[in-house]
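First comes the structure, then the notes that go with it.
Throughout, read-outs are computed from the coordinates displayed, never taken from laboratory work. Being a predicted model, the structure only gives us computed values, none of them experimental. Reconstructed Cβ throughout: ideal geometry from the backbone, glycine too, with neighbour counts over all protein chains shown.
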Amino acid sequence: AQSVTQPDIHITVSEGASLELRCNYSYGATPYLFWYVQSPGQGLQLLLKYFSGDTLVQGIKGFEAEFKRSQSSFNLRKPSVHWSDAAEYFCAARGSTLGRLYFGRGTQLTVWP
Amino acid sequence: GAGVSQTPSNKVTEKGKYVELRCDPISGHTALYWYRQSLGQGPEFLIYFQGTGAADDSGLPNDRFFAVRPEGSVSTLKIQRTERGDSAVYLCASSSGTSGSETQYFGPGTRLLVL
């Protein structure tokens, strides 16, 4: 069965520190992978996506993610976190055809000033 | 241009009542998705429309839940005989529906509270 796991429910970092949010997937084939961010009262905003090709993908707001097939992972990184990055982050996966997304349970990011 | 919109933004109802939640997708998007997000969880898929037809309704939890998209644009999610466990944020998303390599764009959600 397809599933996405985000092992960390809550992460706290200081402003300016680096960030890595973990995501592991279980899928029959190589899935399409996504990271979304959700701020309070807001919808989900796409940060970046991986379909194929270069395993390091760049997204908006200075985020990047690396696809590692051997580890079934797609971790999100940012070299220097800003206070405005505080939000909930969701990793998601789907197959190569149109259809449903499978989401992880999310990681809540708190940023200390 | 306008994004995905959902109405109402909040809905409070009593156990056993009927509710309708509306989704207006991005203009021209043929694919439309409904998800449900319970507190502390990620969104869970409910149903996916391609045009007017439900291409995948495997996520609907039971026959109290039903969704329509009669003209291939606006969609309505209908919940009969609501239960307290139906309390959640209901998210709608749309995509162009033309390619596997496309993004789902999400609305702000409708927060449903069943008392």
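The table for this structure:
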read-out: Cα centroid separation - the range A:96-113 against the range A:46-72, whole Å; value: 13 Å
read-out: Measure of compaction for the protein assembly as shown (Cα Rg per 2.2 N^0.38 Å); value: 1.02
read-out: Distance-filtered residues of the range A:22-39 - backbone nitrogen under 20 Å, label point 7 angstrom along A:R77 Cα→Cβ; value: A:22-25, A:33-37
read-out: Descending semi-axes in whole angstrom, ellipsoid equivalent of the range A:53-102, from the Cα gyration tensor; value: 22, 15, 10
read-out: DSSP-assigned coil residues among trypsin sites (Lys or Arg not before Pro) in the range B:1-48, each with at most 15 further Cβ atoms within 10 Å; value: B:K15, B:K17
read-out: Length added when fully stretched, A:A29-A:S70, from 0.36 nm per residue minus Cα-Cα; value: 13.5 nm
read-out: Rounded to the nearest 20 debye, dipole of chain A from Cβ charges on Lys, Arg, Asp, Glu; value: 360 debye
read-out: Note, ³J(HN,Hα) from phi for the range A:87-97, Karplus 6.51, -1.76, 1.60, rounded to Hz, x at Gly and Pro; value: 4, 9, 10, 10, 9, 9, 9, 7, x, 7, 9
read-out: For the range A:17-76: Kirkwood Rh in Å [reciprocal of mean 1/r, alpha carbons]; value: 12.3 Å
read-out: Diffusion coefficient, µm² s⁻¹, Stokes-Einstein with Kirkwood Rh over alpha-carbon pairs of chain A at 37 °C and 0.692 mPa s; value: 233 µm²/s
read-out: Spin-label pair B:S38/A:Q58, simplified geometry with 7 Å Cα→Cβ offset, distance in nm; value: 4.1 nm
read-out: Where GluC sites (Glu not before Pro) fall in DSSP loop in the range B:7-73, at most 16 other Cβ within 10 Å; value: B:E14, B:E71
read-out: Neighbour-limited loop hits for trypsin sites (Lys or Arg not before Pro), the range B:61-115 (at most 12 other Cβ within 10 Å; DSSP other than H, G, I, E, B); value: B:R81
read-out: Nearest-20 debye value, chain B charge dipole, Cβ charges on Lys, Arg, Asp, Glu; value: 420 debye
read-out: Per-selection Rg to Rh, chain B - Cα, Kirkwood hydrodynamic radius; value: 0.95
read-out: For A:E15, net neighbour charge (Lys/Arg +1, Asp/Glu -1) across residues whose Cβ lies under 15 Å away; value: +1
